[in-house]
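Student: Handing you this structure, nothing more for now.
The values are calculated or read from the model by the stated rules, or taken from the named source; none is laboratory data. Because the structure is a prediction, the values reported are computed rather than measured. Note that each Cβ is placed from the backbone with ideal geometry, even for glycine, and that neighbours are counted across all protein chains shown.
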Amino acid sequence: MIMSLAKRVSITGFMAALTCILTSMFQLYIYETHGYFNFGEIGVYVSAILFGPIVGAFAGGLGSAMADIILGYFWYAPGTLIIKGLEGFVVGLVYSLLNRLRFKRNFIGLVSSSIIAIIIFSSLLHVGLNYYSGSSEFSFGFPLLGYGTVSVGIPSMFWILSSVLLLIIFIYIYVKVDLRYLSMALSCLIGGSIMILGYFLYEFYVLSYGWAALVEVPFNFMQMLIGLIVSSIICVGIGRRGIMVGG
């Protein structure tokens, strides 16, 4: 999809604002690292998959960094600008490269999709059961409008059923949907891994949190998984309506 400079700038600004809103509308405070869990990866991945690595980089980096500043986590903003920017760039670049391969319904395609499905299934099940089961407090709202806090009890069965449902969705995608959408999942896994490693190094060395930075790893992993799932659903829906996907 070839865009003029003016159109690319306007889309980048819109996606940066959307990423900022998605990042700031829902938070789970992480005491050990003074950071927060959020839904920002949805905006980063949608930007990168729909509009390519450049838009993904600027929308992801600027939008997420603005959210850090607005929410008062300003010490994270410099790292977020670089980490989320790199994440968006990598997701967009890898997706563009993989999309040209045109996955086929053969043995290699079956093995690739199975590996991706198993990784996501087992990761969601492990992280959900070990870090998100039980009672947790969440903050939600919008900048300038205020936030509310609610305590939610999440049973273990929720994560078991969610993992099984996700596995079924991937099987459906492999059987019924254009296989290029499997490259979305792989792209998000690669870009998300860079985000997880980037924040760990930033917290360990720059913020001097030491090994306490490990506490945030499963939270960032869950951010990646949620971003992967929701962005794939959005982009698959757009693609099935005949709108070109890919920057």
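Student: With the structure loaded, tell me whether residue 65 is crowded, with 23+ Cβ neighbours inside 10 Å, of a type in the set (A, V, I, L, M) and closer than 27 Å to residue 212 by Cβ or whether it fails that test.
Tutor: yes
Student: Hey, among the residues in the stretch 24-53 that are of a type in the set (Val, Ile, Thr) and in contact with an Asp or Glu (Cβ under 8 Å, 6 or more places away or on another chain), which one's nearest to residue 224 (Cα to Cα)? Steps first, answer last, please.
Tutor: Pass one, the stretch 24-53, residues of a type in the set (Val, Ile, Thr): 30, 33, 42, 44, 46, 49.
From the residues that got through so far, the ones that are in contact with an Asp or Glu (Cβ under 8 Å, 6 or more places away or on another chain) too are 30, 33, 44.
Numbers: 30: 16, 33: 18, 44: 10 Å.
By that ranking, first place goes to 44.
Student: From 226, 233, which residue is over 24 Å from residue 30 (Cα atoms) and at pLDDT 80 or above? Talk me through it step by step, then tell me what you get.
Tutor: Numbers: 226 fails: over 24 Å from residue 30 (Cα atoms).
Among 226, 233, only 233 is over 24 Å from residue 30 (Cα atoms) and at pLDDT 80 or above.
Student: Pairs under 7 Å by beta carbon, first residue in contact (Cβ under 8 Å) with a residue 40 or more places away in the chain in the stretch 35-47, partner in a helix (DSSP H, G or I) and of a type in the set (Phe, Trp, Tyr), six or more apart or different chains?
Tutor: Listed by first residue and then by second, the contacts come to 35/76; 37/219.
Student: Quick check on the stretch 66-84. Is at least one of its residues modelled with pLDDT of 95 or more and in contact with a Cys (Cβ under 8 Å, 6 or more places away or on another chain)?
Tutor: Within the stretch 66-84, one or more residues are modelled with pLDDT of 95 or more and in contact with a Cys (Cβ under 8 Å, 6 or more places away or on another chain).
Student: What number of residues within the stretch 176-229 satisfy the criterion of being part of a helix (DSSP H, G or I) and over 18 Å from residue 45 (Cβ atoms)?
Tutor: Narrowing the stretch 176-229 to residues part of a helix (DSSP H, G or I): 176, 179-206, 210-229.
Remaining after also requiring over 18 Å from residue 45 (Cβ atoms): 176, 179, 200-206, 210-218.
The total comes to 18.
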